[in-house]
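Heads up: the structure comes next, in structure tokens.
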Amino acid sequence: MFNRNIQSPVLIVGMHRSGTSMVAKAFNEAGIYMGTLRDHNGEVLYGIDLNERILERAGGSWHSPPTAESLDMVMPSFERKLEPVHIYGAHLKHPSGRAMRLKSVYSGPLVVKDPRLCMTLPWWLDKFPKAKVIWILRDEDEVVSSLMRRQMKVDEAKSGLTKEEALELARRYNESAAMAIRTSGVAHRAVQYE
């Protein structure tokens, strides 16, 4: 089956439009595998799925996050039987639906990039206690401007956020990430994107 000596992941956290895609691209170009099945933002589909389901079970979504209390209640029981080796296997899953042999394809660290990690980081750190975190920070006004521009694009996520709501959302994501990093004591680096 799978090599159980998998390496801990690098988790890239940061609000939507904060520069997480740029950092993930740099990791990918450096030879760290970003996953096989990804969306147009370079986010692995299984990661989006897990994070969205956590947010939904706690009563929220990416643009309307649940309360911290709701997340704290949901995360400890969410997908308890899902082992890190299964997550690693999903990272290497081939579009044909077959999981590739990990040793023959890739045995290095995996990188998971998803802004929702700001909210769900405690769940991921429970699965991968030795994970490394890269936290991308960007000026909140720049994030808001970018979110507003993105909403105008036909092929992008629609949220109907006002500028005020987008600013509050950016603050909520950053506060959640800061709390999870501080509480867990996880090894991390903060990167300011400008």
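The values are calculated or read from the model by the stated rules, or taken from the named source; none is laboratory data. All values reported here derive from a predicted model rather than from experimental measurement. Here the Cβ is made from the backbone with ideal geometry for all residues, glycine too, and neighbour counts use every protein chain on show. Accessible surface is based on the protein model in full, side chains and every heavy atom, while ligands, DNA and RNA are left aside. Shrake-Rupley method; radii C 1.70, N 1.55, O 1.52, S 1.80 Å.
Which condition does Pro115 not pass, out of (1) over 18 Å from Arg53 (Cβ atoms); (2) modelled with pLDDT of 90 or more; (3) part of a loop (DSSP other than H, G, I, E, B), if it passes all the others?
Status for Pro115: all satisfied but (1).
Tell me which of these Arg189 doesn't satisfy, since it passes every other one: (1) open to solvent by 70 Å² or more (accessible area, probe 1.4 Å); (2) at pLDDT below 90.
Against the list (1) open to solvent by 70 Å² or more (accessible area, probe 1.4 Å); (2) at pLDDT below 90, Arg189 comes up short only on (2).
Within segment 19-26, can one find any residue that is open to solvent by less than 10 Å² (accessible area, probe 1.4 Å), of a type in the set (A, V, I, L, M, F, W, C), closer than 23 Å to Val186 by Cβ and modelled with pLDDT under 85?
Taking every residue of segment 19-26 in turn, at least one turns out to be open to solvent by less than 10 Å² (accessible area, probe 1.4 Å), of a type in the set (A, V, I, L, M, F, W, C), closer than 23 Å to Val186 by Cβ and modelled with pLDDT under 85.
Filter segment 57-88 down to residues that are surrounded by fewer than 19 Cβ atoms within 10 Å (Cβ to Cβ) and among the hydroxyl-bearing types (Ser, Thr, Tyr) and give me whichever is nearest to Lys130 (Cα to Cα).
Ser77
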